[in-house]
Amino acid sequence: MNRIFAIAREESRLWLRSRLAQCTLLIFALLLAAVSISTSLRMSEEHRERSEQQALAEETFLSQPDRHPHRMVHYGHYVFRPPPPLAMIDPGVDAVTGQSIFLEGHRQNTAMFADARASADLGGFEGLTAALVYQLFVPLLLIAIGHGVFIREREENTLAPLLAQGVTGIQLYAGKWMALAGVALALLLPLAMVSAAAIVRGETLLASLGVIGLYAIYLFVWCGLILLVSARVRSRALSLGVLALFWLASALIVPRMAVESASATMPAPGKLETDLRMQAELREVGDGHYAGAPQFLQLQANLLALYDVERVEDLPVNFRGVVAEAAEADLTEVMNRFAEERMDLEARQARFAESFGWLSPVVAVSAGSRALSGTDLATHHRFLREAEDVRFDFIQGLNRVHVEQLDYIDDMNRSVDAESERRTRMSAENWNVLDGFSFQPAAADERLARAGAPLAMLFAWFLLVTAGGIHAARRMQP
Amino acid sequence: MTGLIREIRFLASDRAALLWLGIALLVACMSVFLGLREIAAQRAELNELIEIDRTEREVVDALYQDWGEVAYYTFHLTWDSPSDFAFAALGQRDTSPWKHHIRALALEGQIYETDAENPDFALIGRFDFAFAANLLAPLLLILLLHDLRSAERTAGRYEWLSATAASRGSPWFARAVLRVGALALCLIVPLWAGGLPGGAGASTLVAASLVVVLHIAFWWGVCALVDRFGWSSPVNLTALVGAWLALAVIVPAAIRISVEAAVPLPDGGDILLTQREAVNDAWDLPKSATMDPFVERHPEWADYTEISQSFEWKWYYAFQQVGDQTVEPLSRAYREGRIGRDRLAGRLAWLSPPALAERALQAIAGTNMAASLAYEQRVRDYHAALRTYYYPRLFRDEAVSDASIGQRPEFHAMGD
């Protein structure tokens, strides 16, 4: 054991003495600190802003004056998705989805105003986040300082004396591994600090530790790979070439190939196309604004029979309200069916793309990181579903007021008689059918479960490269 | 000449160099293929949408007998067809809208709708030619050139090679030219092979090739500069990849942050909020509060502003228009802010050649922010034409007829 420590110590001392290693380490430390701080500040600012906007939207809705309840159905409401605490590390899909949705009657709107649409386009990496630096660029640093750990011993003719002294290949490997993994762990310090800050902001310990653990395994995969190549290859140039090739493929090429393959094997129709195809079905439901439409004749007959009256005017409820309520329910069922189909397809696409993590640890870590941070596609879908629940609840609440409190005759005459119109204005107290909305990411164990597959992939990678490295080290000859 | 043939032979026997060139060729071919497929899919989707939109409108046209209802229920598809070169740089088509379904109601509530693809995809990005040429190619060039001299130095042939050469540096120069040229060909040949049959004009392809060559030449310069220090291959490579990291990643990220700080943008949500308040408040306000600002913009309807009932369609459309008028300052600021950000980013992109090359390719492909804003303007113009068409029919209370509906303006995408 002491030997292993001695080897690790010696390796670290060499790095600390090398000007190149010093420079790259310093530059990366600065980069990590700067990006972590800027991502954290931006996300906490967003969190504050959107929480305020949510409160303001609710206040505005509740402070609307007395009016016809259907007017409130069209007045609508906004919901916002504040970024979860761990978005300080990985903002995930936040920048491309838009964070607010306008909720109104008879329609499901999309989230609008994604940041990506209003930002400068500068080639693909301009939206640099702490997560991206760890996923894509920290491995480059590890390659730069670690590609020659075994080769150096050969070049300097120290390998033969070491082995002759009775140091086994495995001890050598363990020592080198500890040195390189030590660098990786030191580089995780900014991430750990931001994760701690996330706990202060309400994140659970489990999720924060999960993120740190995920990135630790990921960087260990790279350490293992670097040691494996360095042990197998006899020249620095070749070692660098092989590692550069692997990085190029796994960090830049495979992730985009995953996207292309997923969209080719599971083409998803656009929302516009789905909406257009939905139109015919929606027409069958009928327009809830017109109680006389043929689609509602059956409903009318049923109601008349139920209350045993002859005319709609004699019903104890407002028939126009009943129609609005029934039409909204049917409409929502159709819309939800299409929305669920779409979300299901998107989720399957995402899972398909995620399976490329078996080919590239970068794909695995990015999927796991988004899942653990609560900024993945599944979280976005949850936001859409919860927003829809809020929408349906307050719309039907308002329709209930229409059914129960608003006089049918007044309702019919409100366009021509000012006095009737005045009586159709319902008290603003009714607007409290709106529930408060505060979007929370899924529970930590649920997120951990979603990150299970990527974690398994990383673990498999780790075992593979470590076993390979140990095998190579055991057979190492001077 | 014999020197060149010797160098070609040398390159042909350098397995590492062949590997990097092979990767460049493979990546370029794949990017062109995938880009063409994506554009074909977008075209097919548009054709299908145009067809559905037409049949849908025929159904709706037969349903309503009142211009107010016709205008309320009739949607119109607007779209931005991809250019024949869009396959090479998908650019804004990934995140910005290129199709809308609009009607004659307030436009501000409709124009920001985005029919986006799977957000996971937009996050990672597409595999288009611009990605291959601007981000991957510099790395491959670095891998090709970083050990040109230093490898010979390590092998102990450097002094000998230099001494036997006709002029100092010439074998290195020929060797570098050959590799740079080969890499450029690996990128440009697939581009032409995919672009010409796809319909992209030769002049477009020449312009794009020029961008690629200039960008590669820049990186050659960087490699040559680092080469002068006489470091070992690993140090060269580390320094060059560091330069790539700085110029392709860190500088663009810094530019974006400074552009966003320098050019503030009104919050998009405020546009919708203001518009909603204006449109909804109109119901509770006296009719004159709507009709007066409306007539200011449309004095030709001043004699028709008498609203006698509590609901009339012309008043309804008037307050939709007034809603748009109310948010005009915000909406203009949002638009100008985006233009301002794009301009400033364009100037600052000179600090980052990969960003500059990306923007150049997007400009050639018509997939940049300017093209996206131009499409938005075409939607606005078309919406204005729809209003111009409906207003006389609403205000003069004309009867709905097939002949009259036949006069309704149709949307035409640019170049159609």
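The values are calculated or read from the model by the stated rules, or taken from the named source; none is laboratory data. Please read these numbers as outputs of a predicted model, since none were measured by experiment. Please note: Cβ atoms are built from the backbone with ideal geometry, for glycine as well, and neighbour counts cover all protein chains shown. Note: areas computed on protein heavy atoms with side chains; ligands, DNA, RNA excluded. Shrake-Rupley method; radii C 1.70, N 1.55, O 1.52, S 1.80 Å.
Around the Cα centre of chain B, unit charges on the Cβ atoms of Lys, Arg, Asp and Glu (plus for the first two, minus for the last two) sum to a dipole of about 3020 debye.
Taking the solvent-accessible surface of protein heavy atoms with a 1.4 Å probe, what is the per residue accessible area of the stretch A:138-181 in Å²? List each step's numbers first, then the result.
Details: 1380 Å² over 44 residues.
Averaged over the residues of the stretch A:138-181, the accessible area is 31 Å².
Note down the magnitude of the dipole of chain A about its Cα centre, charges +1 on Lys and Arg C-beta and -1 on Asp and Glu C-beta and zero elsewhere, to the nearest 20 debye. That gives a dipole near 3900 debye. Is the shape of the stretch B:76-149 best called rounded, prolate or oblate, per the rule: a/c under 1.5 gives rounded, else a/b larger than b/c gives prolate, else oblate, with a ≥ b ≥ c the square roots of the Cα gyration tensor eigenvalues? Here the stretch B:76-149 falls in the prolate category. To the nearest ten degrees, helix B:251-262 and the longest principal axis of the Cα atoms of chain B are 30 degrees apart. Using a 10 angstrom Cβ neighbour count of at most 12 plus a DSSP loop assignment to flag exposed GluC sites (Glu not before Pro), which longest range of chain A is free of such sites? Between exposed loop sites, the widest span is A:311-478.
Picking from A:TRP15, A:VAL390, A:LEU128, whose Cα lies most toward the positive end of the charge dipole for chain A (charges on Cβ: Lys, Arg +1; Asp, Glu -1)? Of A:TRP15, A:VAL390, A:LEU128, it is A:TRP15. Considering only the Cα atoms of the protein assembly as shown, their convex hull presents on average a projected area of 41.3 nm².
Ignoring ligands, DNA and RNA, what percent of the accessible area of the stretch B:129-261 is carbon or sulfur (1.4 Å)? Please list the in-between numbers first.
On the way: 3740 of 5280 Å².
C and S fraction of accessible area: 71 percent.
Measuring r between the beta carbons of A:ALA456 and B:ARG332 and using R0 = 60 Å, the FRET efficiency lands at 0.70. Between A:GLU313 and A:GLU429, the FRET efficiency from the beta-carbon distance, with R0 = 22 Å, is close to 0.20.
Ignoring ligands, DNA and RNA and using a 1.4 Å probe, state the total buried accessible area between A and B in Å², rounded to the nearest 100. Intermediate values should be presented prior to the final figure.
Values: alone 23320 and 21140 Å², together 36710 Å².
The A and B chains share an interface burying roughly 7700 Å².
Once the Cα atoms are used to define both axes, helix B:287-297 deviates from the longest principal axis of chain B by about 50 degrees.
Can you give me the accessible area per residue for the stretch A:309-450, using a 1.4 Å probe, in Å²? Walk me through the numbers on the way to the answer.
Working: 6070 Å² over 142 residues.
Heavy-atom accessible area per residue stands at 43 Å².
Every Cα-Cα pair in the stretch A:42-146 was counted, and those over 22 Å apart are 49% of them.
Sort chain B into rounded, prolate or oblate with this rule: let a ≥ b ≥ c be the square roots of the eigenvalues of the Cα gyration tensor; rounded if a/c is under 1.5, and if a/c is not under 1.5, prolate when a/b is larger than b/c, oblate otherwise. Because a/c hits 1.5 or more and a/b exceeds b/c, chain B counts as prolate. At q = 0.12 Å⁻¹, what log₁₀ I(q)/I(0) does the stretch A:235-304 have when each alpha carbon counts as one equal point scatterer in the Debye sum? Each listed q corresponds, in turn, to -0.62.
Averaged over A:108-114, how many beta carbons belonging to a partner chain fall within 10 Å of each residue's beta carbon?
On the way: counts 0, 3, 5, 3, 8, 10, 8.
For peptide A:108-114, the averaged partner shielding equals 5.
Please work out the Cα center distance from the stretch A:276-347 to the stretch B:346-396, rounded to the nearest Å. Taking the Cα centre of each part, the stretch A:276-347 and the stretch B:346-396 sit 40 Å apart.
Coupling constants for the stretch A:249-265 follow from the phi torsions by the Karplus curve (6.51 cos²θ - 1.76 cosθ + 1.60, θ = phi - 60°), and in residue order they are 5, 7, 8, 10, 8, 4, x, 6, 5, 4, 4, 5, 5, 5, 6, 7, 7 Hz; glycine and proline get x. Quick one: check the C-alpha center-to-center distance for the stretch A:381-439 versus the stretch B:62-94, whole angstrom. Taking the Cα centre of the stretch B:62-94 as reference, the centre of the stretch A:381-439 is 32 Å away. One compactness figure for the stretch A:337-478 is 1.90, namely its Cα radius of gyration divided by 2.2 N^0.38 Å.
Quick one: dipole size for the protein assembly as shown, taken about the Cα centre, charges +1 on Lys/Arg Cβ and -1 on Asp/Glu Cβ, in debye to the nearest 20.
Values: 79 positive and 103 negative charges, 1432 e Å.
Around 6880 debye, computed over the protein assembly as shown.
As a test of the definition: which semi-axes, in Å, follow for the stretch B:129-261 when you take the square root of five times each eigenvalue of its alpha carbon gyration tensor? Largest first, please.
Working: eigenvalues 188, 97, 22 Å².
Output for the stretch B:129-261: semi-axes of 31, 22, 11 Å.
Semi-axis lengths, largest first, of the ellipsoid equivalent to the stretch A:121-167 are 40, 10, 4 Å, with √(5λ) applied to each eigenvalue of the Cα gyration tensor.
Could you tell me what fraction of 2.2 N^0.38 Å the Cα radius of gyration of the stretch A:359-440 comes to, as a two-decimal ratio?
Working: Rg = 22.4 Å, N = 82, 2.2 N^0.38 = 11.7 Å.
Against the empirical 2.2 N^0.38 Å value, I get 1.91 for the stretch A:359-440.
Comparing B:LEU210, B:ALA248, B:ASN134 along the charge dipole axis of the stretch B:129-261, the residue lying farthest to the positive side is B:LEU210, per the Cβ-charge model.
Return the carbon/sulfur percentage of the accessible area of chain A, one whole number, probe 1.4 Å, all protein chains in place. Can you show the working numbers first?
Numbers: 11620 of 19380 Å².
The nonpolar share, carbon plus sulfur, comes to 60 percent.
Taking all Cα pairs closer than 8 Å and separated by 6 or more residues, the relative contact order of chain A comes to 25 percent.
Using only C-alpha positions, report the orientation-averaged shadow area of the convex hull of the stretch B:294-410, nm², one decimal.
10.0
With Rh defined as the Kirkwood radius, the inverse of the mean 1/r over Cα pairs, the Rg/Rh of chain A is 1.16. Helix A:2-17 and the long axis of chain A differ in direction by around 80°, with both axes built from C-alpha atoms.
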